[in-house]
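Chemist: Before I ask anything, here is the structure I am working with.
The values are calculated or read from the model by the stated rules, or taken from the named source; none is laboratory data. Owing to the predicted nature of the structure, the values given are computational and were not obtained by experimental measurement. Here the Cβ positions follow ideal geometry from the backbone for every residue, glycine too, while neighbour counts run over all protein chains shown.
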Amino acid sequence: MRLAALAGGVGAAKLLSGLVRILPPEDISVIVNTGDDFRWLGLQICPDLDTITYTLAGLDNPATGWGVRDETFRCLERLDSLGCDTWFQVGDRDLATHIYRTHALQSGATLSAATDAIARAHGIQSRILPMTDTPAPTIVHTTEGSLAFQDYFVRRQCSPEVRGFSFQGIENAAPAPGVLEAIRDADVVVVCPSNPYISIGPILAVPGLRAALAVSPATVIAVTPIVAGAAIKGPAGAMMRQLGCAVSPATVAGLYRDFLDIFVLDLQDEGVSTQIAGPALRVCMADTIMNTMESRVSLAQFLLDISA
C-alpha cells in the first residue's frame, strides 16, 4: 500500500511515526508545509520539515514538540551575549541542519534536494517532500496588521487576533518534484491532524495540488485536529473563534469537503458526525489522542483498515 500524507506540525509527526511502524517506510511520501519557513540570522529555517525529519529519525524532543532531544544551546547563549535578538530558539545540533540547508541552497540546490539529503543522512527511507521549492511564506492578518508567520507565532506568541491568512507568492509556486506523483500514485492520502489554516492550508494553496486531490483515485482521509471543542495542540481553536467559526471538527471538514472521502472524528465527538457525513463523505470514529507510541500505531492501523 502506497500512502501520501499532507503534514505540518507535531500532530502530523506523531501520526507519521505510527504509520512507519506499519507500512514499509519507503512506501510513504510526506508532503510538508513550508509556509512556516523563514530566514533567521541569514539561515534558512524550515520548522515543519525539520519536525517531521527529527521525528522520523527518532531525534524529536517530546517536551517541546520542536528541535532535537537532549539539545544544548551554547551557540544561542553566545549570540545573546553578543547582542543578537535570540527570540527564536535554535539548539546546537538543530543549528547544524540550518547551516547545511542554507549552504546547499546558496550552492544552487533546490529545497527538495536539500531536504532529501538531510533525510537520507538521518537514515529516513520515507520521502519527505516540501510542498513547493518556491518560497511562499504565510502572512497572518491580524487586528494589529499583517505579520510574518514566525513573528505572530513565536515572537508574539499568537497574541494578536487573527483576521485571515495569505501565502506570499503562492500564485507563482508549483508543487515540488514528486508531490503530484505521490498523490496520483497513492492508494491512501492522509490529511494529518494539523492546523487546517497554517499547516494544511498552505499546502492546499499551491496551484494544482487541491485539484490533484479531488481527482486522485486514492482514498482521501482527514483526521480531526479538534477534539471536544479544543485543538489538541496549538492555536487552531483560537483561530477558529477569531475568524467567527465554530471550534468544531465540522469546521475542519468543511475546509476539505471537496476532496475528502473519509473524515475521522474522535470518540468524544460522536454527536458531531451528523454535521459532517454526507453522500460522498463517510465519518469514522477513533481515539485520535496520540499520547503514546502504542496509540500512534493504533490510529495509523485504523486509518489503513478503513481505507480498504
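Chemist: Just one of Ile203, Ile139 is in contact with a Leu (Cβ under 9 Å, 6 or more places away or on another chain), in contact (Cβ under 8 Å) with a residue 12 or more places away in the chain and farther than 13 Å from Ile31 by Cβ; which is it? Please lay out each step first, then the result.
Modeler: Working: Ile203 fails: farther than 13 Å from Ile31 by Cβ.
Matching residue, one of Ile203, Ile139: Ile139.
Chemist: Hey, among the residues in region 90-109 that are over 20 Å from the mean Cα position of the chain (by Cα) and outside any helix (DSSP H, G or I), which one's nearest to Glu161 (Cα to Cα)?
Modeler: Taking region 90-109 as the starting set, the residues that turn out to be over 20 Å from the mean Cα position of the chain (by Cα) are 91-93, 95-96, 99-100, 102-109.
So of that shortlist, the ones also outside any helix (DSSP H, G or I) come out as 91, 107-109.
Numbers: Gly91: 30, Ser107: 40, Gly108: 39, Ala109: 38 Å.
Per the stated criteria, the residue is Gly91.
Chemist: Moving on to the next point. Of the numbered conditions (1) surrounded by fewer than 16 Cβ atoms within 10 Å (Cβ to Cβ); (2) over 16 Å from Pro137 (Cα atoms); (3) of a type outside the set (A, V, I, L, M), Gly164 fails exactly one; give the number of that condition.
Modeler: Tallying (1) surrounded by fewer than 16 Cβ atoms within 10 Å (Cβ to Cβ); (2) over 16 Å from Pro137 (Cα atoms); (3) of a type outside the set (A, V, I, L, M), Gly164 fails exactly one: (2).
Chemist: What number of residues within region 142-177 satisfy the criterion of being β-branched (Val, Ile, Thr), outside any helix (DSSP H, G or I) and touching a residue at least 24 places away in the same chain (Cβ under 8 Å)?
Modeler: 1
Chemist: Which of the residues belonging to region 278-308 are within 25 Å of Pro25 (Cβ to Cβ) and of a type in the set (D, E, K, R)?
Modeler: Matches in region 278-308: Asp287, Glu294, Arg296, Asp305.
Chemist: If only one of Val191, Val179, Val162 is more than 19 Å from the chain's Cα centre (by Cα) and either among the β-branched types (Val, Ile, Thr) or over 27 Å from Ile306 (Cβ atoms) (or both), which one is it? Break it down stepwise before answering.
Modeler: Values: Val191 fails: more than 19 Å from the chain's Cα centre (by Cα); Val179 fails: more than 19 Å from the chain's Cα centre (by Cα).
Val162 is the lone residue from the list that is more than 19 Å from the chain's Cα centre (by Cα) and either among the β-branched types (Val, Ile, Thr) or over 27 Å from Ile306 (Cβ atoms) (or both).
Chemist: Of the residues Ala222, Ala218, Ala211, only one is free of Cβ contacts under 8 Å to residues at least 40 places away in the same chain, out of contact with any Pro (no Cβ under 6 Å at 6 or more places or on another chain) and either farther than 21 Å from Asp37 by Cα or crowded, with 23+ Cβ neighbours inside 10 Å (or both); which? Break it down into steps so the answer makes sense when it comes.
Modeler: On the way: Ala222 fails: free of Cβ contacts under 8 Å to residues at least 40 places away in the same chain; Ala218 fails: free of Cβ contacts under 8 Å to residues at least 40 places away in the same chain.
The unique qualifying residue is Ala211.
Chemist: Does region 267-277 include one or more residues that are under 22 Å from Ile31 (Cβ atoms) and modelled with pLDDT of 95 or more? It would help to see each step written out before you state the result.
Modeler: In the first step, residues of region 267-277 are kept if they are under 22 Å from Ile31 (Cβ atoms); the result is none.
Within region 267-277 (the criterion being under 22 Å from Ile31 (Cβ atoms) and modelled with pLDDT of 95 or more), the answer is no, since none of the residues qualifies.
Chemist: Can you name every residue in region 285-308 that is assigned to a loop (DSSP other than H, G, I, E, B) and within 20 Å of Phe259 (Cα to Cα)?
Modeler: Selection gives Ala308 alone.
Chemist: Something else about it: Looking at Phe38, is it in contact with a Phe, Trp or Tyr (Cβ under 9 Å, 6 or more places away or on another chain), surrounded by fewer than 21 Cβ atoms within 10 Å (Cβ to Cβ) and of a type outside the set (A, V, I, L, M)? Break it down into steps so the answer makes sense when it comes.
Modeler: On the way: in contact with a Phe, Trp or Tyr (Cβ under 9 Å, 6 or more places away or on another chain): yes; surrounded by fewer than 21 Cβ atoms within 10 Å (Cβ to Cβ): yes; of a type outside the set (A, V, I, L, M): yes.
Criteria met by Phe38.
Chemist: Would you be able to say whether some residue in region 81-96 is β-branched (Val, Ile, Thr) and over 30 Å from Ala308 (Cβ atoms)?
Modeler: Looking through region 81-96, at least one residue is β-branched (Val, Ile, Thr) and over 30 Å from Ala308 (Cβ atoms).
Chemist: Any idea how many residues of region 257-279 are buried (at least 20 other Cβ atoms within 10 Å of the Cβ), farther than 19 Å from Ala308 by Cα and touching a Leu at 6+ places or on another chain (Cβ under 8 Å)?
Modeler: 2
Chemist: Here are the criteria: (1) surrounded by fewer than 19 Cβ atoms within 10 Å (Cβ to Cβ); (2) not in a strand (DSSP E or B). Tell me which single one Arg282 does not satisfy.
Modeler: Every condition holds for Arg282 apart from (2).
Chemist: Residues of region 54-73 being outside any loop (DSSP other than H, G, I, E, B) and touching a helix residue (DSSP H, G or I) at 6+ places or on another chain (Cβ under 6 Å), which ones?
Modeler: From region 54-73, those outside any loop (DSSP other than H, G, I, E, B) are 54-56, 60, 68; that's our starting set.
Listed by number, the residues that qualify are Thr55, Asp60, Val68.
Chemist: It is to be established whether one or more residues within region 121-138 are part of a helix (DSSP H, G or I) and either out of contact with any strand residue (DSSP E or B) (no Cβ under 7 Å at 6 or more places or on another chain) or surrounded by 15 or more Cβ atoms within 10 Å (Cβ to Cβ) (or both).
Modeler: We begin by selecting, within region 121-138, every residue part of a helix (DSSP H, G or I); these are 121.
Restricting the remaining residues to those that are either out of contact with any strand residue (DSSP E or B) (no Cβ under 7 Å at 6 or more places or on another chain) or surrounded by 15 or more Cβ atoms within 10 Å (Cβ to Cβ) (or both) gives 121.
Among the residues of region 121-138, at least one is part of a helix (DSSP H, G or I) and either out of contact with any strand residue (DSSP E or B) (no Cβ under 7 Å at 6 or more places or on another chain) or surrounded by 15 or more Cβ atoms within 10 Å (Cβ to Cβ) (or both), which makes the answer yes.
Chemist: Residue check: is Gly8 touching a Lys or Arg at 6+ places or on another chain (Cβ under 8 Å) and touching a residue at least 24 places away in the same chain (Cβ under 8 Å)? Break it down into steps so the answer makes sense when it comes.
Modeler: Values: touching a Lys or Arg at 6+ places or on another chain (Cβ under 8 Å): no; touching a residue at least 24 places away in the same chain (Cβ under 8 Å): yes.
Spelling it out, it is not the case that Gly8 is touching a Lys or Arg at 6+ places or on another chain (Cβ under 8 Å) and touching a residue at least 24 places away in the same chain (Cβ under 8 Å).
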